[in-house]
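Asks: One structure, as structure tokens, below. Some questions next.
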Amino acid sequence: MEYGLDLEYSFNEFLKGFGLSSEIAHIIWLPLPMLLVLVAAVVGVLVTVWLERKISAAAQQRIGPEYAGALGVLQPIADGLKLLVKEDIIPAKADGILFTAGPILVLVPVILSWLIVPFGQNLLISNVGIGIFLWIALSSIQPIGLLMSGYASNNKYSLLGGLRAAAQSISYEIPLALSVLAIVLMTNSLSTIDIVNQQSGAGILSWNIWRQPVGFIVFWICALAECERLPFDLPEAEEELVAGYQTEYAGMKFALFYLGSYINLILSALLVSILYLGGWGFPIPVELIAKFLNLPINAPFIQVFTASIGIVMTVLKAYLLVFIAILLRWTTPRVRIDQLLDLGWKFLLPISLANLLITAGLKLAFPQFFGG
Amino acid sequence: MSIAITTQIICFTVLSLVILIGALGVVLLESIVYSAFLLGGVFMSVAGLYLLLNASFVAAAQVLVYVGAVNVLIIFAIMLVNKKEDLKPINDIKSRRIISTSICLTLLSLLIRVDLTNVWNLSSPQNSIGEESTIRIGEHLFSDYLLPFEVASVLLLMAMIGAIVLARRDVMSKDISTGLPVDQELIEKSSEPLLTNKN
């Protein structure tokens, strides 16, 4: 299965052609994918903000942003610029250090998690062995940042919002991790590359969503809760808590929260598509198409074509899920805090445990379908 | 010296400094909230040390368990009972500090002695298992370390039951610490939904 573009290798060979040592070439290479992914994440946020505005407008029979660029596509950039030039206010009785560190602690783990998001066989920053586990570990840091900013704001709404965010994030992390564990059980690997390759056998038919329907639903609910999207946006429930932990924030610090929550949404959508919807896989396997057209799979043209199809498919699947998340936001009411915790602990946790148990049993009974 | 080794040395120095200063801050700072957040920083830096040792699974587990669970719960508890109260000054604070410092220094000297006298079985970088360590840890947990692993889970279960008993005082008629009958008035009872009363 080891095919696909290896940009790092080609880049290093290219630099070595100029007489540079392989170590220097590696150092020049290192920041490139990171920058690329960072830019991709920010552009993804801009697109998502625009989509959110347009789709919510459509859901409420409004027009939405219209004047900034064609169809208002420049509206998110205008939002960002406005937040950039706004005055940075720290409330007089707030704790300055924690107040500043909070938003950073919320944003950094989310961006770090992009390390493991693959857009193709070799199109990711690092194929670390612990793969998906890294994301679970990193996303558990976020509540500390939320608690920190909630506490440092010296505002009861902020503190309540921070506490709610932490409670919610802790309770939904467990079913989330358990449904990921069922996938890992089927794959025999934590690496996101292996998870996608395991689903690439027969195109759309071999995607994990057919083998893990319960896991898919549990994961999606938990991912929405982790992103604090409606119906689970209790930490910032504007009718009760003003804006939760963000109440006292303005300017760029607020923008960090904003950015963090949208990057997290895109990341969750990407991970759902990687874990359950075949990642970069085309609904019909590309090898089959190549064979049908009598083209060699390793030809450079086919390689570039497969890689671009991979990126397009990953992004397409992710944005389909983002679309569903936005629709959910405007069609479902917010749950109460007790309903939220009941759903997490009394419903999702037992179901995901049972799902894990059944997956293990099915793996033993039908190793050819559930990974041997 | 190659670039890789230089990077490693810089990372190690920074992480060690953060661990040392952070740990001192946890103990010495007056504000309990700062201590709790610094503790999280120390846990993260320890995870960084594990990463330097090529133990990425242990590092991620350290972040997940210590930062994501233990530290969050500590901060959570501090914020739920965040009462501003003036603590009574302790009379013999000086002698207490001297005693605790001497105990800590004794422990430190013991550890240093162990470090210096023990012959460490260092494996060369060639036979380090690296990414395979996840599988090895799993094998050990289900073979020779099965009993400690299961006993640890029983311990956690006991702690959980204890916490539930403490939190839900209505399951007992007597207060555990004082032995007095529990004041049932103070316990929150599940109230009926508002809508049913209106009929």
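Read the figures in this text as sums done on the coordinates, not as results from a lab. Please read these numbers as outputs of a predicted model, since none were measured by experiment. So basically every Cβ, Gly included, is an ideal-geometry build from the backbone, and we count neighbours across all protein chains shown.
Asks: Between residue B:30 and residue B:93, how many nm apart are label points set 7 Å from Cα along the C-beta direction?
Replies: The answer from the label model is 0.9 nm.
Asks: If each residue of separation counts as 0.36 nm, what is the full-extension length gain between residue A:26 and residue A:104 once their alpha-carbon separation is subtracted?
Replies: 25.2 nm
Asks: What is the magnitude of the charge dipole of chain A about its Cα centre, with +1 placed on the Cβ of each Lys and Arg, -1 on the Cβ of each Asp and Glu, and no other charges, expressed in debye to the nearest 20?
Replies: It comes to approximately 560 debye.
Asks: Among A:275, A:146, A:190, whose mean-square fluctuation peaks in a Gaussian network model of chain A (Cα, cutoff 10 Å)?
Replies: So, out of A:275, A:146, A:190, the one fluctuating most is A:190.
Asks: What ranking, highest mean first, results for peptides A:258-271, A:11-24, B:63-76, A:33-46 when packing means the other Cβ atoms within 10 Å averaged over each residue?
Replies: Going by the mean number of other Cβ atoms within 10 Å, highest first, we get A:258-271, B:63-76, A:33-46, A:11-24.
Asks: With a length cut of 30 Å (Cα positions projected on each helix's long axis) and a Kyte-Doolittle mean of at least 0.0, go through chain A and give me the DSSP H helices that pass.
Replies: Answer set is A:31-59, A:156-187, A:251-276, A:300-331.
Asks: How do A:309, B:9 rank when sorted from fewest to most other Cβ atoms within 10 Å of their own Cβ?
Replies: Fewest-to-most Cβ neighbours within 10 Å comes out as B:9, A:309.
Asks: If contacts are Cα pairs under 8 angstrom and at least 6 residues apart, what is the relative contact order of chain A in percent?
Replies: The normalised contact order for chain A reaches 22 percent.
Asks: If you count, for every residue in B:65-72, the Cβ atoms of partner chains within 10 Å of its Cβ, what is the mean?
Replies: For peptide B:65-72, the averaged partner shielding equals 6.
Asks: Please work out the FRET efficiency for the pair residue A:346 and residue A:295, using the Cβ-Cβ distance as r and a Förster radius of 51 Å; give the result to the nearest 0.05.
Replies: Using R0 = 51 Å, I get an efficiency of 0.40.
Asks: Sticking with this structure for a sec: Work through the residues other than residue A:28 whose Cβ is under 12 Å from its Cβ and net out their charges, Lys, Arg +1 and Asp, Glu -1.
Replies: -1
Asks: In whole Å, what are the extents of chain A along the principal axes defined by its C-alpha atoms, from largest to smallest?
Replies: So the extents along the principal axes, rounded to whole Å, are 67, 56, 45.
Asks: Sticking with this one: I'd like the mean, over residues of A:130-137, of how many other protein chain beta carbons sit within 10 Å of each residue's own Cβ.
Replies: 5
Asks: Related question: What FRET efficiency, computed as 1/(1 + (r/R0)^6) with R0 = 60 Å and r the Cβ-Cβ distance, is obtained for residue A:43 and residue B:81, rounded to the nearest 0.05?
Replies: The calculated FRET efficiency here is 0.85.
Asks: To the nearest 0.05, what FRET efficiency results for residue A:59 and residue A:81 with a Förster distance of 30 Å applied to their C-beta separation?
Replies: 0.65
Asks: If the chain between residue A:239 and residue A:339 were fully stretched, how many nm would it gain, using 0.36 nm times the residue separation less the Cα-Cα distance?
Replies: Gain on stretching residue A:239 to residue A:339: 34.3 nm.
Asks: Given points 7 Å out from each Cα along the Cα-Cβ axis, report the residue A:331 to residue B:23 separation in nanometres with one decimal.
Replies: 5.5
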